[in-house]
1. Points 7 angstrom from Cα along the Cβ direction at B:His139 and B:Val54: gap in nanometres?
2. Put the label 7 Å from Cα along Cα→Cβ for D:Ala68; what are its distances to the other copies, in nanometres, shortest first?
3. Report the Cα centroid-to-centroid distance between the range D:214-269 and the range A:55-134 in angstrom, as an integer.
4. Can you work out the Karplus-derived ³J(HN,Hα) for every residue in the range C:222-236? Use 6.51 cos²θ - 1.76 cosθ + 1.60 with θ = phi - 60°, whole Hz, and x for glycine or proline.
5. At R0 = 35 Å, how high is the FRET efficiency between D:Ser162 and B:Asn110 if r is their beta carbon distance? Nearest 0.05 is fine.
6. Take A:His220, C:His205 and order them by how many other Cβ atoms sit within 10 Å, fewest up front.
7. Which value, to two decimals, describes the C-alpha radius of gyration of the protein assembly as shown once divided by 2.2 N^0.38 Å?
8. Kindly give the distances from C:Gln238 to its copy-mates, label point to label point, with each label point 7 Å from Cα along Cα→Cβ, as nm values to one decimal ordered shortest first.
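Values in this text are rule-based calculations from the coordinates and carry no lab data. This structure is a prediction, so every number in the text was calculated from the model and none was measured. All Cβ positions, even for glycine, are placed from backbone atoms using ideal geometry, and neighbour counts span all protein chains on display.
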There are 4 protein chains.
Amino acid sequence: MKKETIIALLHGPDQPGLVAKASSWIFERGSNIDHADQHKDPEANVFFQRVEWVPSGDPEHEADAFKAFAESSLKMNTKVVLNTKKQKVALFVSKIDHCFHDIILRFQANEMSGELACIISNHKALKKAAKTYGIPFYHTPFDNTDKASVEAEQLEILKKHSVELVILARYMQILSSDFLNKAGVPVINIHHSFLPAFAGGKPYHQAYERGVKIIGATAHYANADLDEGPIIYQDVTQINHRNTISDLIRKGKDLEKSVFAHAVRLHLNNRILVYNNKTVVFD
Amino acid sequence: MKKETIIALLHGPDQPGLVAKASSWIFERGSNIDHADQHKDPEANVFFQRVEWVPSGDPEHEADAFKAFAESSLKMNTKVVLNTKKQKVALFVSKIDHCFHDIILRFQANEMSGELACIISNHKALKKAAKTYGIPFYHTPFDNTDKASVEAEQLEILKKHSVELVILARYMQILSSDFLNKAGVPVINIHHSFLPAFAGGKPYHQAYERGVKIIGATAHYANADLDEGPIIYQDVTQINHRNTISDLIRKGKDLEKSVFAHAVRLHLNNRILVYNNKTVVFD
Amino acid sequence: MKKETIIALLHGPDQPGLVAKASSWIFERGSNIDHADQHKDPEANVFFQRVEWVPSGDPEHEADAFKAFAESSLKMNTKVVLNTKKQKVALFVSKIDHCFHDIILRFQANEMSGELACIISNHKALKKAAKTYGIPFYHTPFDNTDKASVEAEQLEILKKHSVELVILARYMQILSSDFLNKAGVPVINIHHSFLPAFAGGKPYHQAYERGVKIIGATAHYANADLDEGPIIYQDVTQINHRNTISDLIRKGKDLEKSVFAHAVRLHLNNRILVYNNKTVVFD
Amino acid sequence: MKKETIIALLHGPDQPGLVAKASSWIFERGSNIDHADQHKDPEANVFFQRVEWVPSGDPEHEADAFKAFAESSLKMNTKVVLNTKKQKVALFVSKIDHCFHDIILRFQANEMSGELACIISNHKALKKAAKTYGIPFYHTPFDNTDKASVEAEQLEILKKHSVELVILARYMQILSSDFLNKAGVPVINIHHSFLPAFAGGKPYHQAYERGVKIIGATAHYANADLDEGPIIYQDVTQINHRNTISDLIRKGKDLEKSVFAHAVRLHLNNRILVYNNKTVVFD
């Protein structure tokens, strides 16, 4: 049995006593802090904190009370969640399946604090596999219709499943900024290069052409500017002159899988704060 | 100008309210926390904390007062230092010079919060280089005398220079446990393998013999059990069948330099707590 | 369409003219070398070569002719294969499934030059998953019978499927040296530590206990000495004091998957020569 | 004593029999190949080879004879050198000294198959250190004169010292394409980012601004297009939100040192062929 805890993520203008006030509020309740980590951006003078504690009273009530306290007394932007709460996740895919299988298997192996609520794809290629995994699959093709109405349909699906996080496992379509606004939930994308190098659709070809000696993958939150969102995690691997573009693609698949999974796990464990188009990752 | 801060390292049995009490003590003084990081060992039920703050009053006095408070009221093992305090460091070497040059150059480039007070060696090989760097060099050979009297001489040198940290840059002698006790200061050693693999004096030969595909280096605190002390930092690099023992030694030198320097920096930045023959590293 | 090539792996005592004689044999046939790589162990005075070429005549006949030539005229231990030949592979598993899923998905994505002929397990846990993947599954439990008769049954299965490579994806049983001899094919195992550190069955617990800062995985050929066979590939990842044993296991799973797959791919691409309990890997 | 060998680097249009003809030429002389490695670019249909052998006759004469053979009979671009030949290297620096000290110490520790013939700088900052190392130092300031005449002076120095390789250890000036042409020798530069990301003069600031999670360093041959030359080697390290720009610079220094040294070593060991603005590195 997983121990029930409350996790709070706070950020806002720095002021003296923030750590003392937050921890005293918890202590005075008779609750006990398990982890507390904070960060200060000295240039922006912004304070960030992640604190996790074992509640003494009713968890939901204590979580709400802390949020009210942190917002009114500390003037902090505050998100409070229970660690036992499984966030609903929507997985977007096209035809490429390595991140698809990898992330689903990780959810099914309980590596992730969340639940895969649905799969949405513009192709039918992975429909059968989705069925085998027992996850609802929605086919929303772009073929004979305008993008706006497809996105409207997708938004309906997100709503129906109470989705709290969208993850793009090599989904080969750009989400409109209208979609991102209406969805109102974070979207994590995996890009197959070490951004900002090789943005765009053919990074392995560009890497081969340029003759780089490393390739990489980048997980980031999607925003309206393609490949420009806050970076969550990156990793790279060495390549050499013997590697063809096919080799780069194959080696890159391993990076994409592990980088994508790592970023999704960090998010579901409530370890990421976004500020100023950058991430603070409490790992 | 470096901002003056107080750094406290605490550890002891966990109890509710430790974060609240420590941070409130600081807040009530009118001081302001810059960084606070804590860790709990759930199996041993031990609490660890590193907290760094800008003092409101006289730094030395406030540091002493916090130490008294943390020991008496929180019952914590407590070390408190000022970040502006430069620890005196003694560098032990033999003939091998790569870590010797590397660490001295890092001190001279102000990468380290400390001061190289003296160099002690059982050989004269690096005497001239030490002079060029402007650091006192002591030659304490083992040739015609017993180990105990050489170590007694070395202890005198440490005392004379008020040494607070000993670092062994490929010093090819084993320090007796009597020496370690009498020195009464931490000793950091660099071992040329990824411990616990290949303990002992010829790790690259052993690695070559076994046919491993990675080699490594380990920085650890020295204790009476050779190569068994608490590990601070480790790193590795890939090797292949083309690499001779000479190649392993050459590649290993780069690892030794960076791993050694990283561990010394962490120590001098007061980021390490030792417990149960392991390290908690607040980085 | 994959271009058909012949791949030869040679090793034996060094002598002048080996490269010239082998390449001239190929050239005089009107065939053309695509890749040639050689290595000399200067201490053992042993020559190793991997050469791959486009045959001018019937591939099988030319392969046989080269083998006869290299053995009789060059006195080399010689293995010759066609790159289009898909080796039959038997996958041994118990209950742990991360390497199981990962390696099967890689075969199904055509990342591997081989064919998964059958799955053999001492448990039924993965029977259903094997069926979904469409691969014959054999349940050979050790419960009520002696090891020898179970192994005899397993040998029959290998024979029936003409298996040329056995891969152990966290198979929790030790293969007897009698089994290894009778199987007569290479066996690749994945061990969940950076050998030679932490041999045995509980490496993550040992790593946690020792307080190391890196964990690793090792793929090696199995021989009669447990965890002592020739190492094919190793990789590691950094850990810290916050990581519990569960975290080590989770992080280790990613290493195990990628290290295991890499080693199996190298083997199936005919890139590995074993000599003196070490591997020469032409990558 | 280092065994004397001849090293040949060849490239040109692929044709059948290249390996056979080159190795037979060597064998028929009674010489013996130590290492031979080749590569084929399947798209460009270009063949690359590095072959190293122990000559049977006078090394210089045999080297010349092979070059004549390879150029006339094989129609290959050919470079032939003796492994005992120490190339003269000119080191360009400004004020930044970490790569300066590191590379000099490596030359003095015999890690490099070459000789540091001279140091050229637009500043006097490292003059004293150069003297301590015993290497001629030339001060060629840009202050009161035009770039062309300073470069002319530098070209004279290169000529005087018979320089065969120029290495730029964080030299903060751009070499004109006129200088590069007239120098007529390869120039290796270390850039403090993982190119093509963050070209230009302030990569660590750009990396901080963008919020990347890795930083890197790139060694490349300099050409007229700044930061666009053929990449020799790259490496990266992880960073996090706690790292300030100062931390990035400090961590980056370690990368720059090791990446720069690695590239210079590869070049001096005659392991690099340049083709089509990319490198083939026989390592």
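1. So the label points at B:His139 and B:Val54 sit 5.1 nm apart.
2. In ascending order, 4.2, 9.2, 9.7 nm.
3. If we compute the Cα centre of each part, the gap is 38 Å.
4. In residue order, the calculated couplings are 7, 9, 5, 8, 3, 6, 10, x, x, 7, 9, 7, 9, 8, 9 Hz.
5. 0.35
6. Details: A:His220 24, C:His205 14.
If I rank by nearby Cβ atoms, fewest first, I get C:His205, A:His220.
7. 0.98
8. Label point to label point, same position, other copies: 0.6, 1.8, 1.9 nm.
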